[in-house]
1. Is it true that residue 68 is of a type in the set (Asp, Glu) and within 25 Å of residue 276 (Cβ to Cβ)?
2. With the checklist (1) free of Cβ contacts under 8 Å to residues at least 12 places away in the same chain; (2) closer than 19 Å to residue 180 by Cβ; (3) within 15 Å of the ligand (Cβ to nearest atom); (4) of a type in the set (A, V, I, L, M) in hand, flag the one item residue 154 doesn't pass.
3. What tally of residues in the stretch 1-38 results from selecting those that are at pLDDT below 95 and assigned to a loop (DSSP other than H, G, I, E, B)?
4. Among residues belonging to the stretch 197-210 that are among the hydrophobic types (A, V, I, L, M, F, W, C) and surrounded by 21 or more Cβ atoms within 10 Å (Cβ to Cβ), point out the one that is nearest to residue 82 (Cα to Cα).
5. Quick check: is even one residue across the stretch 248-256 surrounded by fewer than 24 Cβ atoms within 10 Å (Cβ to Cβ) and not in a loop (DSSP other than H, G, I, E, B)?
6. Would you pick out the residues in the stretch 333-360 that are within 14 Å of the ligand (Cβ to nearest atom) and not hydrophobic (A, V, I, L, M, F, W, C)?
7. Looking only at residues in the stretch 275-286 that are part of a helix (DSSP H, G or I) and touching a strand residue (DSSP E or B) at 6+ places or on another chain (Cβ under 8 Å), which one is surrounded by the most Cβ atoms within 10 Å (Cβ to Cβ)?
8. Please work out if residue 213 is modelled with pLDDT of 95 or more, within 16 Å of the ligand (Cβ to nearest atom) and either more than 20 Å from residue 152 (Cα to Cα) or crowded, with 21+ Cβ neighbours inside 10 Å (or both).
Amino acid sequence: MTGADFQRLRDDFPILARPVRGRRLAYLDSAATTQKPTEVIEALRRYYLEDNANTHRGVHFLSDRATELYEAARERVRRFVNAARADEIVFVRGTTEGINLVAASFGRAFLRAGDEIVVSAMEHHSNLVPWQMACEQAGAQLRVVPIDDDGEFLFDEYEQLIGPRTRLVAVTHVSNALGTVTPLARIVARAHAAGVPVLADGAQAIAHAAVDVQALGCDFYAFSGHKLYAPMGIGVLYGKSEWLAKLPPYQGGGHMIRDVTFERTTYEAPPRKYEAGTPNVEGAVGLAAALDYVARIGLGAIGAHERALLDYATARVGEIDGLRVIGTAREKGAILSFVVDGFTTGEVGAALDRHGVAVRSGHHCALPAMRRFGVEGTARASFALYNGRADVDQLIEALRALRQ
Ligand code: PLP
């Protein structure tokens with residue numbers, strides 16, 4: 001795929017044709033949520049026109065159909081992340097719910113007073129607060145792997161933190177605030193050498209590089225559909241089958257039980273055990289359509305395109321006086337965080353918005369990471385497959401206008 005091929009892909013996303021504040025829309029906020037291709041929008045429409053019902057096989061035609069689509073989506077996700085088995089794929093609302101599921105269930109079953117959970121200093125609040133809550137309940141402690149001035153994960157310090165009380169490592173694959181790609185396979189190998197399981201937060205990785213959960217070796221991997229061109233409200237928790245078999249359920253309710261009496265309830269096997277209530281069939285259908293779309297373009301090509309854009313954008317923001325990039329790790333995802341002297345991040349975001357440039361400004365739900373760099377927030381441009389140099393040029397033009 002060439003740059004011109006990617007330029008044409010912009011047309012697959014109808015919302016990008018919408019002018020914003022009288023300008024062409026430069027949507028540079030895909031780390032917060034991606035826009036959706038026509039193919040996904042059509043899959044949702046078709047689902048409601050032809051297939052909608054609650055799941056459970058053998059009840060009636062449409063119910064069978066909805067169940068088939070839901071389970072086909074599970075198999076589609078399995079292939080996408082190369083899980084060994086489809087029952088290792090649990091549908092959740094998003095990354096946040098996936099991590100909360102593990103923190104609550106693992107915490108209840110395996111965390112005791114004096115135990116330790118290891119996280120990094122650049123975690124999104126979603127991969128920090130649930131662990132704090134689990135630790136608080138058990139009387140356990142968080143241990144934090146520091147990062148350096150570039151935002152690199154400090155592996156040597158991490159090794160020092162793994163000890164006899166470590167029960168789990170919870171770490172991001174790609175930092176949403178800094179862009180850092182962590183050495184996840186090495187992190188997992190080191191933890192496993194000490195018999196410690198690893199949960200990876202894949203929210204910012206899944207749409208930008210091929211993720212192979214077996215090659216990474218992680219025990220849990222969570223991501224959100226909406227950051228992957230799919231609808232909001234659907235996400236995935238991958239869990240190794242041995243863990244899903246032994247953790248207690250997260251929520252109780254319909255769809256997840258084998259038998260219920262007033263005295264005692266027995267649960268379905270995973271993944272149903274973790275999917276209480278009516279599932280988000282619509283979301284799963286949309287997610288499967290998004291995965292088909294992404295797989296057809298190829299994550300290798302998408303990753304290379306975004307890396308080239310990030311390099312271009314990083315070079316060009318160097319032209320802006322008083323602009324400082326926050327997060328300069330060697331290996332970065334499609335994220336460019338920065339601050340501009342003399343302006344709050346809110347002012348930067350609002351000024352860019354007036355030029356039709358959508359970026360995120362604020363702390364990006366990663367306050368500890370921001371404070372590590374002595375700032376309370378940044379402006380963040382983030383890239384997806386539909387972005388091109390024209391978006392970066394529009395960003396630079398808007399930044400120049402701000403400086404003047
Ligand atoms: N983790 C990271 C690294 C993120 O960037 C985000 C969202 O921005 C999340 C977790 C939470 O994702 P969600 O809000 O979709 O649950």
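1. Against the criterion (of a type in the set (Asp, Glu) and within 25 Å of residue 276 (Cβ to Cβ)), residue 68 qualifies.
2. With respect to (1) free of Cβ contacts under 8 Å to residues at least 12 places away in the same chain; (2) closer than 19 Å to residue 180 by Cβ; (3) within 15 Å of the ligand (Cβ to nearest atom); (4) of a type in the set (A, V, I, L, M), residue 154 is out only on (3).
3. Count: 2.
4. In the first step, residues of the stretch 197-210 are kept if they are among the hydrophobic types (A, V, I, L, M, F, W, C); the result is 198-200, 203, 205-207, 209-210.
Narrowing further to those that are surrounded by 21 or more Cβ atoms within 10 Å (Cβ to Cβ): 198-200, 203, 205-207.
On the way: 198: 17, 199: 16, 200: 15, 203: 17, 205: 15, 206: 12, 207: 15 Å.
Of everything passing the filter in the stretch 197-210, 206 is nearest to residue 82 (Cα to Cα).
5. Just the residues of the stretch 248-256 that are surrounded by fewer than 24 Cβ atoms within 10 Å (Cβ to Cβ), to begin with: 248-256.
Now restrict to residues that are not in a loop (DSSP other than H, G, I, E, B): none.
Among the residues of the stretch 248-256, not one is surrounded by fewer than 24 Cβ atoms within 10 Å (Cβ to Cβ) and not in a loop (DSSP other than H, G, I, E, B), which makes the answer no.
6. 333, 337, 360
7. Of all residues in the stretch 275-286, those part of a helix (DSSP H, G or I) come to 281-286.
Remaining after also requiring touching a strand residue (DSSP E or B) at 6+ places or on another chain (Cβ under 8 Å): 283-284.
Details: 283: 24, 284: 28.
Applying the filter and picking the extreme gives 284.
8. On the way: modelled with pLDDT of 95 or more: yes; within 16 Å of the ligand (Cβ to nearest atom): no; either more than 20 Å from residue 152 (Cα to Cα) or crowded, with 21+ Cβ neighbours inside 10 Å (or both): yes.
When the stated conditions are applied, residue 213 does not pass them.
The values are calculated or read from the model by the stated rules, or taken from the named source; none is laboratory data. Keep in mind that this is a model prediction, so the values were computed, not measured. For neighbour counting, all protein chains shown are included, and Cβ atoms are generated from backbone atoms with ideal geometry for every residue, glycine included.
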